[in-house]
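A quick write-up on the structure given underneath.
The values are calculated or read from the model by the stated rules, or taken from the named source; none is laboratory data. These numbers come from a predicted model, not from an experiment. Neighbour counts are summed over all protein chains in view; Cβ atoms, including those assigned to glycine, are modelled from backbone coordinates with ideal geometry.
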Amino acid sequence: MALPPSVLLGDAKDLLKRLTRVVTENPSAPLIVDASSLHDFDSSVLAVLLECRRLAQSSRREFVLRNAPPRLNQLAGLYGVAVLLGIEAPVKGAARPA
C-alpha cells in the first residue's frame, strides 16, 4: 500500500478507511506501507500509521513502513513513536540535510 503525496488532518480519516480495507482484505499478508511519495504531511500521518500498525498486529500480521522521508523520521522521533513504526530516529546533533 502506497501513501499518497499528501496526508494532512483532513485526509487522515479517508486514508485510514482505505488502509483498514487493505488490512481486512488481505488477512495473511504483511502490511507493507510505502511512504516514498509522501512529501506534504502533518502529525496526523503518525496517527494513521500507528493505527495501521495496531490493526496489523491485532490480526497477527507484520507491519512494515518503507521509504519514510527524512522529515517523517524526524517527526516520529519528536513524538517518540519512531521505534513503534520501525523508523530509526535521527541522531541528536547529526547534520541535517539542507
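When SER36 is tested against the conditions (1) under 16 Å from ARG66 (Cβ atoms); (2) in contact with a strand residue (DSSP E or B) (Cβ under 7 Å, 6 or more places away or on another chain), the lone failure is (2).
Tell me, please, whether a residue that is in a loop (DSSP other than H, G, I, E, B), at pLDDT below 90 and touching a helix residue (DSSP H, G or I) at 6+ places or on another chain (Cβ under 6 Å) can be found in the stretch 79-89. Yes, because at least one residue in the stretch 79-89 is in a loop (DSSP other than H, G, I, E, B), at pLDDT below 90 and touching a helix residue (DSSP H, G or I) at 6+ places or on another chain (Cβ under 6 Å). The single condition among (1) part of a helix (DSSP H, G or I); (2) at pLDDT 95 or above; (3) touching a helix residue (DSSP H, G or I) at 6+ places or on another chain (Cβ under 8 Å); (4) not polar (S, T, N, Q) that LEU15 does not meet is (2).
Only residues that are of a type in the set (S, T, N, Q), in contact with a helix residue (DSSP H, G or I) (Cβ under 9 Å, 6 or more places away or on another chain) and over 15 Å from PRO4 (Cβ atoms): list them for the stretch 22-57, please.
Start the filter on the stretch 22-57 by keeping residues that are of a type in the set (S, T, N, Q), which leaves 24, 26, 28, 36-37, 43-44, 57.
Next, only the ones that are in contact with a helix residue (DSSP H, G or I) (Cβ under 9 Å, 6 or more places away or on another chain) stay: 24, 43-44.
The answer is THR24, SER43.
Taking the listed residues PRO4, PRO30, the one that is within 13 Å of the chain's Cα centre (by Cα) and not aliphatic (A, V, I, L, M) is PRO4, with no other qualifying. Taking the stretch 57-69 as the range and being exposed (fewer than 14 other Cβ atoms within 10 Å of the Cβ) and modelled with pLDDT of 95 or more as the test, the residues that pass are ARG66, ASN67.
If you scan the stretch 39-64, which residues turn out to be assigned to a loop (DSSP other than H, G, I, E, B) and more than 13 Å from the chain's Cα centre (by Cα)?
Pass one, the stretch 39-64, residues assigned to a loop (DSSP other than H, G, I, E, B): 39, 42-43, 59-62.
Result: SER59, ARG60, ARG61, GLU62.
Taken over the stretch 65-77, the criterion of being touching a helix residue (DSSP H, G or I) at 6+ places or on another chain (Cβ under 9 Å) and outside any helix (DSSP H, G or I) is satisfied by LEU65, ALA68.
If you go through the stretch 18-38 and keep only what is part of a strand (DSSP E or B) and aliphatic (A, V, I, L, M), you end up with LEU31, ILE32, VAL33. Checked across the stretch 4-12, the condition of being among the acidic types (Asp, Glu) and in contact with a strand residue (DSSP E or B) (Cβ under 7 Å, 6 or more places away or on another chain) holds for no residue.
Taking each residue of the stretch 55-68 that is within 11 Å of VAL23 (Cβ to Cβ) and looking for partners that are part of a loop (DSSP other than H, G, I, E, B) with beta-carbon atoms closer than 6 Å, six or more apart or interchain, yields SER59/PRO27; ARG61/PRO30.
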